Each structure stands twice: as structure tokens, then as C-alpha cells.
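**Student:** Structure provided below as C-alpha cells; questions to follow.
The values are calculated or read from the model by the stated rules, or taken from the named source; none is laboratory data. Just so it is clear, the structure is predicted and the values come from calculations on it, not from any experiment. Every residue, glycine as well, gets a Cβ built from its backbone with ideal geometry; the counts of neighbours run over all protein chains shown. Just so you know, the surface numbers come from the protein's heavy atoms only, side chains and all, with ligands and any DNA or RNA stripped out. Shrake-Rupley method; radii C 1.70, N 1.55, O 1.52, S 1.80 Å.
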Amino acid sequence: MRFPSQIHITRRRFPFSGIPPPKCHHHHHAASNVFLFNLNQTSQFHGYPFRFLGSRPVSSNTQKFSFLPNSGFGLSGTFSGRIFESFVAPAVRYLSTSVETRVNETNFQKIYVQNGIDVKPLVVERIDKDEGIAGEKDSRIEVPSDDKVVNKEDIEGINGVSVTKSNEKEEQSEIEKEGWRLLENAVVMYCGSPVGTVAANDPGDKQPLNYDQVFIRDFVPSALAFLLRGEGEIVRNFLLHTLQLQSWEKTVDCYSPGQGLMPASFKVRTVPLDDNKSEEVLDPDFGESAIGRVAPVDSGLWWIILLRAYGKITGDYTLQERVDVQTGIKLIMNLCLSDGFDMFPSLLVTDGSCMIDRRMGIHGHPLEIQALFYSALRCSREMLALNDGSKNLVRAINNRLSALSFHIRQYYWVDMKKINEIYRYKTEEYSLDATNKFNIYPEQIPSWLMDWIPEEGGYLIGNLQPAHMDFRFFTLGNLWSIVSSLGTPKQNSAILNLIEAKWDDIVGHMPLKICYPALEYEEWRIITGSDPKNTPWSYHNGGSWPTLLWQFTLACIKMGRIDLAQKAVALAEKRLQVDRWPEYYDTPTGKFIGKQARLNQTWTIAGFLTSRMLVEKPELASLLFLEEDYELLEICVCGLSKSGRRKCSRGAARSQILI
Ligand code: GLC
């Protein structure tokens, strides 16, 4: 049995070894455990046994293993295909190593995978070459066979803040009630457990395209809504299942992108088996069937951000401490930090590699990716266990963080003063201490910007390349720079001042515009490739996306501007339910429901619910944002200051980027 769309990804590699492929037999059931927790109590968090999709003893000491041929996706019939979770004792780090093989004798693991006819060894390079984890020999773990329902009594108080508990539901408004009902309807089950939410549940949708999939980025607000309501199970399942998908080998026309890439989305498929039975499999899309074959660079970054949020909100840090989860973080980080030809510390990507997942002229170093990258670097540094195996990576993360924040704060920032400087730039400067490092021609400053930039406030531009500044205002990148502290505290406040000053353009009738302004005429034709969905002031090209409300709310609360968040939430509240929760709005002020907008769009609903909860309990927001890290500003590895011959450009400019 083979699905045409699966052909490209039937051969998988498992860097964690021994881990069963993500499928389960449909005929055995696992009860869905509702995992509630209560953050009101402040006593110590205790580890607890978790049951996933079945329980049996698992062994971790398999270095090589082979899959026997079968008629399915080239996967073993000998594995029961269950996913397991080990018992995790609270005080012992890395006990949950049941899926881990770190074999010291070699830096490479050979994994033999049989795919139908051909047998081919896949060589998976180990990422942590110098790593030896204590206690791994004893990592054979009995998974408790009794089903343990984890509820709020099992998990005692954590970060001293309270979440919306079930008994507070009565206070919900009608619109929130409907939102929750729709969000619950969007939940996707896999082997009896919730694993995510579909992108949209539009009843009138005759052509769902891929909106019936669980998108990694779309699930983030759903996850936060559930977490803030005290439900962690779905988020935990999501994080673990997507972690497994990360290790699939994927190819686009026989080329494999880097290991560690997270899919853009996945779907649960039911596959008939020979004997009138069926099994469920997770079918990921790494971009190989996505429109435009875009690489979902943001997925792995969101995954790391969500992993931290899960720990922070539930207090269950055992998940991030698991060795397979630690390896997952490292794979993503290694992929992002791998050397290339790039001259900048920002991450180089192709067009459409994030929320704007089609051609919009955002190839190169788009702000959204940089903000997520910075955030994921910081979250990883916080979550990675420091040991011999991780120290080099952590050092690389610190260096990159410091270089990246300098680069963005210094070169992406524009306000009245900076635009005036650019306006007077000299060009063709060949030297190490050029002012106009990227050779920006002042003629590039668009005329709309000269009129538009307010006296107060400023923002981070959309992209920076040699001789190219993309002056468009991209909302998500700017908001996430605030949330993650990529911008300086002063810049972060100034971004909100600009949004306030330009309220009609960025918020208008519906928060918030994805980017400003729209590409029109020739620019639209050349830059979007005449995309009929991205016509001016529609969809990604200046459309308004209600999901962005949650990032805005978070940014406002962080900067002490809850008043702005309240105003935006009130606006959304007036229309979202009446308009049936559309994906996006069109026109320069966001007046009309988007031309091709899906209704009952899950991240619209979840973004609203999350924003409402954050506005009601702003103290919760602090679990989700990152404060300025002053130590980072001190790091500089260029060594120039020590040699004394030349001055380090960053050292010289430090006064500007500090606060
Ligand atoms: C569109 C959006 C993308 C989103 C997907 C599912 O492709 O551009 O950001 O993840 O729809 O909602």
C-alpha cells in the first residue's frame, strides 16, 4: 500500500535509533489522558509516569537495526509501532534515554533501512561527536504498564502564576465559548490521543488543499491556548510526534534537505492493512508537496520556542530534559548554525520559508526568520543541559546570539534620524570602516517611507542584503523582536510607538496587517511573480491576519502597553465571530474578509483566545517572553580589540546598541 505523495519520503532515518516509526495499529486503543495542571499552587513539581500510546518494555541498546520488508511504507512489520514514554524520576536527568543510542566507539551510526526492493545503508552523522552521556548503559527502562491519568493533582504548582481553570469557564463571553468549541473541534487525534489542530475547519470548503493538516506554526497559538487553560497533554504529544517526524529522510527529486528540518505540517492517515484492519500513520510535509516547494525554516524554530513555553507554563521540565528531545534541539541548532557562504550572522533562507510561505521577495535574511532564530537560540541555550557534549554548541549559540543581535540592532533599525542618515549616504565605499557598509544607494528609500515614518518611533526593516534594504514593515518580525528581546529595550518601545502612530495602517479595522505597504503594479508583477492570491492589500501582500493578535498582545504586555493590546482585542472581538473567524482580511484598512480566506481558521480562533487570556492575566505573559540579556552584549569573538592594531567595529558601536 503506497500513497503517491509518500513516495518521496518512504525511507526514513532514525538518529535516535530503536525508535519505532510513527504509526499505530488502529485497532488497539489508548485512552486519551486529559492532562490538567494547576499553577496556583507553589509547591515542588514532581515527576510522574506518563503513558502514551501503549506501554511495553523498551530497550535502548540497539546500535544497528534493520527493518524487514513489508508491504507498507517500507517500514518494519516487526515493530508494534507504538510510541512510548519512559518513567521519569524527578531528580535524575537523562533517565528517559530509552530511545537513545550514543555509542562511543564510533562517530557514525549506520542504520539499515529497507524500502521495498532496495536495501541501502543510511549513514547518519552524529551531531555530538565528543559526547558521552553518563548512565546511558543503564538506560533500559521499563515503561509502566498501568495507565496513569495525569491530572492537576499530580502536578503541583509551578511558576507561581495561575492559569484559567475549568471552573472559570462560566465567566467566558459567548464569543470565547464559541471559540473554544471550534478549537476543540479542530483537534486532531492520532492513535486515540490529541496531537494537534487542523489549520482550518471551513464547513463550506470544497477544496481543503492542505488546510486539513496540522501546521507547526499554526499550532503554536492553539498550544498556548490549551496550556493557558491548564491542558498540557496535546502540546506534549505534539512536541514528541513532530520530533519523530524530524528524523525522517525526505527528498525533493532525489535531493535530501538537512537532517533536523521540521515539517511544515503533517496529517494523520488511516492505512488499510491486509486483514481488514487499519493503522494510523503520520504523514509529514517537509515542503516536498507544499505549494512552491518552500522550505519550512520557521517550523523547527517554533518547535523550540513552544518546547520552552510548555516547560515554563506547565512546570514539567522533564520533557525538555529527555535525551531524544535534547538531541532534537541540537539537530535543529546544528542545521541553523552550519557553515555556509554567508557573510552575515543572520540566517540565509529562500523566499517563502516562514509564515509568508510563497514568493513575496523575502529571500535572503528576512526579519521574521531572524527574530525566530534569535528566540530559538535563546530558548535552546536555556534548555540544553550543559555537559561535555553540548559545550561547543552552547558556545556557538552564545557567539551567534551576540553577533546576530548586534547586526539586527545596528543595521535593520530605521527611524527618522536613521533614514535621514541613509538619505545622505556616500556610496561605493571600499574599506573596513565604511559607514555605508552594504552600499545602499539613497535612491532606494521609497517615497512612501519619507512621508510615512513618524517623528516618534521606528522599526526593524524587512530584509538586508548587499545594496538592498527592504523597507517594508513586517509585523511578525517586529513583534517577535520585541518578545524575544532581539531589539534593544528602546527599539522595542519605539516599535510599539510606531504601531500606535500608524494605527490605521497597521491595525485599521482588523489587527494586524502582515506587512506594510503592499506591493503594487510592476513591483507586484516582478516580485510576487504575478501571484493572483497576493494581489495588493490581500493575503500576504498587505492583508490583515487576526492570528497576529497574540504576538501583538504579548509584545504590548512586555513593554507595559497593555492598553494597546486591549484596544486591538476589542476590535477583533467585534468582528471575528460575526465574520466566522476568517484567515485574513483585505484592503488597506482590513475592511473586507479576504478574497480566498478560509473561515473557521484555527489560528485566528486560538490567537484570539490566547490574547484574551493574556489580557486578563497579564502576569502569564512573562512566561512567554525573554528579557534583555546584558551579558550577551559583552561577547565579541573577533579578537580585534586584543590585537590593538585595529578597532573592533562592534566595540566602537556598542554605545548605540546598548539600551
Ligand atoms: C497559509 C499561510 C501559512 C499557514 C497556512 C496554514 O499557507 O501562509 O502561514 O501556515 O496557510 O494556515
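**Student:** Please report, ordered by residue number, the helices (runs of 4 or more DSSP H) entirely within segment 278-371 with at least 1 residues that are out of contact with any His (no Cβ under 8 Å at 6 or more places or on another chain), of a type outside the set (D, E) and within 26 Å of C515 (Cα to Cα).
**Tutor:** Per the criteria, 297-314, 323-337.
**Student:** Then there's this: Going by the structure shown, is P588 touching a Phe, Trp or Tyr at 6+ places or on another chain (Cβ under 9 Å) and open to solvent by 50 Å² or more (accessible area, probe 1.4 Å)? Show your work before the answer.
**Tutor:** Values: touching a Phe, Trp or Tyr at 6+ places or on another chain (Cβ under 9 Å): yes; open to solvent by 50 Å² or more (accessible area, probe 1.4 Å): yes.
It is true that P588 is touching a Phe, Trp or Tyr at 6+ places or on another chain (Cβ under 9 Å) and open to solvent by 50 Å² or more (accessible area, probe 1.4 Å).
**Student:** Within segment 627-651, which residues are in a helix (DSSP H, G or I), at pLDDT 85 or above and open to solvent by 60 Å² or more (accessible area, probe 1.4 Å)?
**Tutor:** Answer for segment 627-651, where residues must be in a helix (DSSP H, G or I), at pLDDT 85 or above and open to solvent by 60 Å² or more (accessible area, probe 1.4 Å): Y630, E631.
**Student:** For E249, are the conditions met, namely being within 16 Å of the ligand (Cβ to nearest atom), modelled with pLDDT under 90 and not small (G, A, S)?
**Tutor:** On the way: within 16 Å of the ligand (Cβ to nearest atom): no; modelled with pLDDT under 90: yes; not small (G, A, S): yes.
It is false that E249 is within 16 Å of the ligand (Cβ to nearest atom), modelled with pLDDT under 90 and not small (G, A, S).
**Student:** Still on this structure, I have one more. Looking at segment 476-486, is at least one residue at pLDDT 95 or above, outside any helix (DSSP H, G or I) and either acidic (D, E) or open to solvent by 10 Å² or more (accessible area, probe 1.4 Å) (or both)?
**Tutor:** no
Results for (1) at pLDDT 95 or above; (2) more than 15 Å from the ligand (Cβ to nearest atom), shown as yes or no for each residue.
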| position | (1), (2) |
| --- | --- |
| G160 | no, yes |
| S166 | no, yes |
| V195 | yes, yes |
| D202 | no, no |
| D205 | no, no |
| D218 | yes, no |
| E233 | yes, yes |
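**Student:** Let me ask something else about it. Looking only at segment 612-626, decide whether some residue is among the β-branched types (V, I, T), at pLDDT 95 or above and not in a helix (DSSP H, G or I).
**Tutor:** Going through segment 612-626, the residues among the β-branched types (V, I, T) turn out to be 615.
Still in the running and at pLDDT 95 or above: 615.
Filter once more, keeping what is not in a helix (DSSP H, G or I): none.
For segment 612-626, residues among the β-branched types (V, I, T), at pLDDT 95 or above and not in a helix (DSSP H, G or I): absent.
**Student:** Let me ask another. Checking the conditions here, which among V325, V297 is in contact (Cβ under 8 Å) with a residue 12 or more places away in the chain, surrounded by 24 or more Cβ atoms within 10 Å (Cβ to Cβ) and within 21 Å of S375 (Cβ to Cβ)?
**Tutor:** Just a single option satisfies the conditions, and that option is V297.
**Student:** What number of residues within segment 579-612 are among the small types (G, A, S), within 24 Å of the chain's Cα centre (by Cα) and away from the ligand (no atom under 16 Å from the Cβ)?
**Tutor:** Narrowing segment 579-612 to residues among the small types (G, A, S): 590, 594, 597, 606-607, 611.
Restricting the remaining residues to those that are within 24 Å of the chain's Cα centre (by Cα) gives 597, 606-607, 611.
Subsequent filtering for residues that are away from the ligand (no atom under 16 Å from the Cβ) retains 611.
Of the residues in segment 579-612, 1 are among the small types (G, A, S), within 24 Å of the chain's Cα centre (by Cα) and away from the ligand (no atom under 16 Å from the Cβ).
**Student:** Go through segment 521-578 and give me each residue that's over 19 Å from Q601 (Cα atoms), assigned to a loop (DSSP other than H, G, I, E, B) and within 14 Å of the ligand (Cβ to nearest atom).
**Tutor:** Answer for segment 521-578, where residues must be over 19 Å from Q601 (Cα atoms), assigned to a loop (DSSP other than H, G, I, E, B) and within 14 Å of the ligand (Cβ to nearest atom): just D531.
**Student:** Still on this structure, please answer the following. Out of all the residues in segment 267-282, is one or more open to solvent by 10 Å² or more (accessible area, probe 1.4 Å) and within 16 Å of the ligand (Cβ to nearest atom)?
**Tutor:** Yes, because at least one residue in segment 267-282 is open to solvent by 10 Å² or more (accessible area, probe 1.4 Å) and within 16 Å of the ligand (Cβ to nearest atom).
**Student:** Of these, I408, I397, I422, which one is at pLDDT below 95 and part of a helix (DSSP H, G or I)?
**Tutor:** Only one candidate passes the filter, namely I422.
**Student:** What tally of residues in segment 428-449 results from selecting those that are hydrophobic (A, V, I, L, M, F, W, C) and open to solvent by 90 Å² or more (accessible area, probe 1.4 Å)? Even if it seems obvious, please write down each step before you answer.
**Tutor:** Taking segment 428-449 as the starting set, the residues that turn out to be hydrophobic (A, V, I, L, M, F, W, C) are 432, 434, 438, 440, 445, 448-449.
Imposing the further condition that a residue be open to solvent by 90 Å² or more (accessible area, probe 1.4 Å) reduces the set to 432.
The total comes to 1.
For every residue, the table says whether it meets (1) more than 16 Å from the ligand (Cβ to nearest atom); (2) under 30 Å from Y584 (Cβ atoms).
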site: K330; (1), (2): yes, no
site: M333; (1), (2): yes, no
site: S338; (1), (2): yes, no
site: S346; (1), (2): yes, yes
site: C354; (1), (2): no, yes
site: M360; (1), (2): no, yes
site: E368; (1), (2): no, yes
